[in-house]
């Protein structure tokens, strides 16, 4: 199992489109992926789960991955959370 | 126990003039009218609800996917739709709704409401999140899609029930066209007030054709209406009065009487021809949506049917109408309207129009373009029209024409289908017309005029495309004005082109029925106008009390006006002075406000 704490750099906070991108990326990996914020943990492959976590701009949250491809999965998701939304959305 | 409600006055936009007073009937946005059922029958009944849920999800997903695939949407729109699709099929969400059905023994609709309520409440509790509204709105979209699908799409109207048995006014946020058409059948419905802004949407068009006093854009209506027993829809001043005081009420009853008398006086003379004082005859047509509108149009004094919109057939059927469906409607229409000429416009799906199929927004895939692209929708209509053609005076109107080739293509289709039906002889009964509503059509009007039998100017769309302003955009509504000199000059040029080609020309759309323009149209030499039936009596009255000569003088004065405001003000002042009887002072404010 690996985890990493990130700070969201996307100004609009995680809205539906951002959440869908995130869930899609998570879905690509066979590892179990979870997000944790303020003690609440959700399945990162569920878009509604991500939305319910309410992650605004500048918030910190934890990405927790567990499985065979966890290294690559974590790198991808951390990168996404810290930068890529701006280009994508 | 509840204290007596104080009167509340909400300003809005008047859509149909007149006064309505009655009991409040309101459709809440909170879906209190959606069935909330507790399940009996144990496990089996719950499993059944779960299966309904799964089926509804599948149906919604299919719809979303087909929208994404069929339309060429900008990237941003596709990504939103994709996010919606993912939310819809999210296993976590489905598990939650499924569990709610099983644990609480409620029907699928109720379970959807419960789960979404909880999620939205959770989201709304976040503090200082600027983008919160967007997130909640996304959830709302998914929830409504699911509910709509669960309630069976077109069958949805069934949840509007327990209508009052005495006169009532309808208050709601907005209405779907299917809700409206079922409500309109109720004999006790007197007036309509909605929160949704008016603009020139299909909803507004249908509301106008109903002719009940209507006010739209009444912000805050749903909050204020709770606990109100009675309401007044003041379609003259453009406002809604909730819980009117006894004094208000009696004043409104007087105003209502005065207006009804005023209107009846014009209605009384409506059957007389629109013959100007100097002997020029104008033909006044009615724009209608239904076969049932023919008789009321006649009573209002219509000389012909200037526009029969066929899109509603889709709604009523909930599916693609067959050749026989079309034939039955057109047969009835031509039969009832005889000997009047009937102009049938082929399908024109726009962004705001509902139907069994998806069309893009105001731009792009509309009208004849859509028809050519979807032969399975269009050919049955063409065949129905050909079969009905020998029964009366049929004119086929092609919307959204932008090229001469489109007329050629339509004629080729017509010929081919007539040949297949062995009804080539019917073709000689058919006149073909082009709707002039795109700037492109304006500039090639001369070429188009050689290919068609008539022009119909769709002023609503023409203004929209000339001014590059979306019809529904409330923030930009000052630009959506048919008082803009560009519109007047476009009409002036078109008239000359049509005259030179010796083809008919009629002005449709709201401008055609705007009494402020009647005299100008006469001055241009325009011989046909088509409008919502209720506008006919007044327009005919103006024509009968004016001369073409007067109109020409007014036109010459205004044709060189460059400013929209100047044109509007001059025209208003001029008309109000000339016809104080029609443009009555006490009703003027709102007429002016809605001139644009």
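The values are calculated or read from the model by the stated rules, or taken from the named source; none is laboratory data. Everything numeric in this text was worked out from a predicted model, so none of it was measured. Here Cβ is always computed from backbone atoms with ideal geometry, including for glycine, and neighbour counts include all displayed protein chains.
Brief remarks follow.
- Those residues of the stretch B:86-123 which are facing chain A (nearest Cβ under 9 Å) and out of contact with any helix residue (DSSP H, G or I) (no Cβ under 8 Å at 6 or more places or on another chain), in sequence order: B:91
- Flag for residue A:5 being in contact with a strand residue (DSSP E or B) (Cβ under 6 Å, 6 or more places away or on another chain) and away from every other protein chain (no Cβ under 12 Å): yes
- Checking each residue in the stretch B:338-366 for being at pLDDT 90 or above and crowded, with 18+ Cβ neighbours inside 10 Å picks out B:340, B:341, B:342, B:343, B:344, B:345, B:346, B:347.
- Of all residues in the stretch A:36-57, exactly one satisfies the criterion of being in contact (Cβ under 8 Å) with a residue 40 or more places away in the chain and buried (at least 23 other Cβ atoms within 10 Å of the Cβ), namely A:55.
Yes/no matrix, rows are residues, columns are (1) crowded, with 20+ Cβ neighbours inside 10 Å; (2) assigned by TED's automatic domain parsing to the domain that holds residue B:480; (3) at pLDDT below 85:
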position: B:187; (1), (2), (3): no, no, no
position: B:191; (1), (2), (3): yes, no, no
position: B:200; (1), (2), (3): yes, no, yes
position: B:203; (1), (2), (3): yes, no, yes
position: B:211; (1), (2), (3): no, no, yes
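- Within the stretch B:435-446, tally of residues that are part of a helix (DSSP H, G or I) and closer than 12 Å to residue B:494 by Cα: 6
- Meets criteria (surrounded by fewer than 20 Cβ atoms within 10 Å (Cβ to Cβ) and in the same structural domain as residue B:62 (by TED's automatic domain parsing)) for residue B:105: yes
- Residue in the stretch B:286-337 that is surrounded by the fewest Cβ atoms within 10 Å (Cβ to Cβ), counting only those that are modelled with pLDDT under 90 and not in a helix (DSSP H, G or I): B:319
- Condition met for residue A:33 (under 28 Å from residue B:118 (Cα atoms), exposed (fewer than 13 other Cβ atoms within 10 Å of the Cβ), at pLDDT 90 or above and within 14 Å of chain B (Cβ to nearest Cβ)): no
- Verdict on residue B:491 being farther than 27 Å from residue B:268 by Cβ and surrounded by fewer than 20 Cβ atoms within 10 Å (Cβ to Cβ): no
- Residue match in the stretch A:43-52 (condition: more than 8 Å from chain B (Cβ to nearest Cβ) and part of a strand (DSSP E or B)): no
- Any chance residue A:19 is part of a helix (DSSP H, G or I), closer than 29 Å to residue B:117 by Cβ, out of contact with any strand residue (DSSP E or B) (no Cβ under 8 Å at 6 or more places or on another chain) and in contact (Cβ under 8 Å) with a residue 24 or more places away in the chain: yes
- Scanning the stretch B:524-541 for residues that are surrounded by fewer than 24 Cβ atoms within 10 Å (Cβ to Cβ), outside any loop (DSSP other than H, G, I, E, B) and more than 23 Å from the chain's Cα centre (by Cα) yields B:524, B:541.
- Residue within the stretch B:500-520 that is over 25 Å from residue B:579 (Cβ atoms) and in a helix (DSSP H, G or I) present: yes
- Exclusive hit being in a helix (DSSP H, G or I) and touching a residue at least 24 places away in the same chain (Cβ under 8 Å), set B:396, B:497, B:432, B:457: B:497
- Note on the stretch B:38-70: among residues that are in a loop (DSSP other than H, G, I, E, B) and at pLDDT 80 or above, the one that is farthest from residue B:174 (Cα to Cα) is B:40.
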